[in-house]
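The structure appears right after this line, and notes come after that.
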């Protein structure tokens, strides 16, 4: 309980301190570019209520592995390795499915090219500040992913590039979690970690009783 209270107080302080920055990023305001949106995986775990779930899971995980291994240092190492693996796996494969993502196909009159690579547009400004972009790809008029036209090398500015791409029928397909999904993701992920902690509590209790009988 003390671990969860400490995590709650810490994340409350961090969330309060970073509030003006997050608001500027989510609104696309001036000075927002150097900062990641609060829904981005690099920032998400330090905001809102989800650190409470992390703290509860980490504590119960340590207790469970301690009961199983029964040696302090190996149990601590196993706890650290397991918790780190879960923390890496969650944003890569789990979090993106905890709230409905948005699929958008945008013309380059709607989406401004920001980063153009050798064979595709790598990043666009599609008018959704604060979003977590899950995937992007450039498709031709038929909807197939393909290399960019050779004429793109002749454009002198991003607006010229956008006009060239639009004329050739190219579009950008973007899948993203909108900024408004932040609290839905926070609630879902916190619930997931608390459920894991509860399951480990039940297993640990059963294991200890089994060893005592």
Residue 99 passes all but one of the listed conditions (1) in a loop (DSSP other than H, G, I, E, B); (2) over 30 Å from residue 57 (Cα atoms); (3) at pLDDT 95 or above; the exception is number (2)
Scanning region 144-166 residue by residue, those part of a loop (DSSP other than H, G, I, E, B) and in contact with a strand residue (DSSP E or B) (Cβ under 8 Å, 6 or more places away or on another chain) turn out to be 146, 148
Within region 167-192, the residues that are loosely packed, with under 15 Cβ neighbours inside 10 Å and in a helix (DSSP H, G or I) are 167, 180, 183, 184, 191
Counting only residues that are farther than 21 Å from residue 177 by Cβ and either at pLDDT 90 or above or part of a loop (DSSP other than H, G, I, E, B) (or both), region 114-138 contains a total of 4
Of the candidates 44, 108, the one satisfying the condition of being surrounded by 19 or more Cβ atoms within 10 Å (Cβ to Cβ) and within 30 Å of residue 168 (Cα to Cα) is 108
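Each row is one residue, and each column tells you yes or no for (1) surrounded by fewer than 17 Cβ atoms within 10 Å (Cβ to Cβ); (2) assigned by TED's automatic domain parsing to the domain that holds residue 192.
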{"site": "68", "(1), (2)": "yes, yes"}
{"site": "76", "(1), (2)": "yes, yes"}
{"site": "90", "(1), (2)": "no, yes"}
{"site": "93", "(1), (2)": "yes, yes"}
{"site": "132", "(1), (2)": "no, no"}
{"site": "157", "(1), (2)": "yes, no"}
request  = Answer with yes or no whether residue 80 is crowded, with 18+ Cβ neighbours inside 10 Å, in a helix (DSSP H, G or I) and either at pLDDT below 95 or within 25 Å of the chain's Cα centre (by Cα) (or both).
outcome  = no
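The values are calculated or read from the model by the stated rules, or taken from the named source; none is laboratory data. Since the model is a prediction, treat every value here as computed from it, not as a measurement. Heads up, the Cβs are rebuilt from the backbone with ideal geometry, glycines too, and the neighbour counts pull from every protein chain shown.
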